[in-house]
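**Q** Below you will find the structure I want to go over with you.
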Amino acid sequence: MPKVLVIEDDAQMLENYSRMLKRFGYDCIMEPSSDNALKTLKISKPDIILTDLRMPGSSGFDIISAVKRSDPDIPVVLITAYADIPTAVEAIKKGAFDVIAKPFTSEQLQIVLERALTQKLLMDENRRLKEQLRGTTEVEIIAKSPPMREILALIERISHTDANILVTGESGTGKEMVARMIHQRSQRAGMPFIPVDCAAIPENLIESELFGYEKGAFTGATTSREGLFEAANGGTVFLDEVAELPLLMQSKLLRLLQERKVRRLGSNRFISLNVRIISATNRDLNRSVSEGHFREDLYYRLNVINIHLPPLRERREDIPLLALHFLKRYSVTYEKNIRGISPEVMELLEGYSWPGNVRELQNIMERAVILCNDDYLTLHDIPSEFLTLKDDTLQIFTTYHSAKETFEKQYLQNLIRSVSGNISKAARVAGLNRRTIYRLLKKHDIKVGIDDPSH
């Protein structure tokens, strides 16, 4: 529900505004003191501000000026009984969205508010699209492991250069996040960041997508269009899955890198470019070069600096940090009040091999948050298919003793769950006596609270 902050010192008028706005479908925030208005603005974050002109303390003009300094995208509607032309002109000059003269009808107010809300939504969408285009949404890489600390330090050293960078690593390790972080810390941060999925563009369209085309260049080219490199001029192009580029396109990319110019399809004119190229691949490009699938000269052009991201199984210290980070993110997204992750779940997460890396962990955590109805994530919240997958992959990357201990604990947890906590039945199923079952439960700190071991 859109929020309207109403600043009016007359209590009766405030009540009238509240009734009307609720009828229009707005959430009304009433503020009788103009001097407290900015404090209320920061707390309530309204979509529209409706303010009287003349009030004790700050005037409507003061409110407009203050709002334009703090949050210029919020439309301010000024209401006044002194709606002469000079007053209206001054209000608009100061940044008011509109001026309403008293007395006014509810229909007049509703129309102005609808127009103001439309402008606010357009401003919000425009800002969001600009941030997406320029890659200015702040990127945070969650890590404390030594290899990732080295990578973060390297990013700080190279961001302010224009060197081409090749980011390598398995799928899901965060190659695009690294590229965005480099862009944000560079002198190009205010310019576009254009990601290009080289594997997703059909081979017959990739040249026109990257380089653009002129009107009439081919059937269906009814207008001219700039390519993605032109769109990124001054900023950064991120070539994801660069190993999937066809050989012919590799040759044209090499020429672009050498000459720093691009020519649209159907044109004889070259356009100068000032872009930084960051590439990424999950393939072994050295092998692709030796097999003739990737040009060696292009490889050296792209790989001025290499950043290799280790798989998640090789930096297990980061798993708890990442898991808690995703827990907080999705608790906010899905409006859950989840305080933490149970030790059993954390042990499971730390022991799994994560073939899908950080992306897979993120997916598991999102699903677990959706399923969780308690204060802590438990094994009941973990998707069943993940629980059935874990045993095969868990033990490959641990010592024999660790794998044995992990298996024993997981076996007991599944056993106790399958017999609904009945220790006598668990002992019969396992072929062990009840004292052994209790000893193992105590060893692995598995709480059951059913039966008495002395019986």
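**Q** For segment 13-50, give me the residue count where each residue is out of contact with any Lys or Arg (no Cβ under 7 Å at 6 or more places or on another chain) and part of a strand (DSSP E or B).
**A** Qualifying residue count, segment 13-50: 4.
**Q** Would you mind stating whether residue 374 is among the charged types (D, E, K, R), assigned to a loop (DSSP other than H, G, I, E, B) and modelled with pLDDT of 80 or more?
**A** Considered against the rule, which asks whether it is among the charged types (D, E, K, R), assigned to a loop (DSSP other than H, G, I, E, B) and modelled with pLDDT of 80 or more, residue 374 comes out as yes.
**Q** Among the residues of segment 317-367 satisfying the criterion of being more than 15 Å from the chain's Cα centre (by Cα) and among the β-branched types (Val, Ile, Thr), which is nearest to residue 380 (Cα to Cα)?
**A** Among those residues, the one meeting the criterion is 345.
**Q** Please go through segment 163-194 and pick out each residue that is free of Cβ contacts under 8 Å to residues at least 60 places away in the same chain and either part of a loop (DSSP other than H, G, I, E, B) or touching a helix residue (DSSP H, G or I) at 6+ places or on another chain (Cβ under 7 Å) (or both).
**A** Scanning segment 163-194 gives 181, 185, 187, 189, 190, 191, 192.
**Q** A follow-up question, please. Condition test on residue 70, is it of a type in the set (Gly, Ala, Ser), without any contact (Cβ under 8 Å) to a residue 40 or more places away in the chain and buried (at least 16 other Cβ atoms within 10 Å of the Cβ)?
**A** no
**Q** Quick one: would you say residue 335 is modelled with pLDDT of 95 or more and exposed (fewer than 14 other Cβ atoms within 10 Å of the Cβ)?
**A** no
**Q** Within segment 73-94, can you find the residues that are surrounded by 15 or more Cβ atoms within 10 Å (Cβ to Cβ), at pLDDT 85 or above and more than 23 Å from residue 14 (Cβ to Cβ)?
**A** Within segment 73-94, just 94 meets the criteria.
**Q** A follow-up question, please. Just wondering, is there one or more residues in segment 101-108 that are at pLDDT 85 or above, part of a helix (DSSP H, G or I) and within 26 Å of the chain's Cα centre (by Cα)?
**A** No - not one qualifying residue is present in segment 101-108.
**Q** Something else now. Of all the strands (runs of 3 or more DSSP E) wholly in segment 206-312, which have at least 1 residues that are crowded, with 21+ Cβ neighbours inside 10 Å, in contact (Cβ under 8 Å) with a residue 40 or more places away in the chain and in the same structural domain as residue 173 (by TED's automatic domain parsing)?
**A** Passing ranges, in order: 236-240, 261-263, 276-281.
The values are calculated or read from the model by the stated rules, or taken from the named source; none is laboratory data. The structure presented is a predicted model; accordingly, all values stated were derived computationally and were not measured. Note that we place each Cβ from the backbone using ideal geometry, even for glycine, and neighbour counts take in every protein chain shown.
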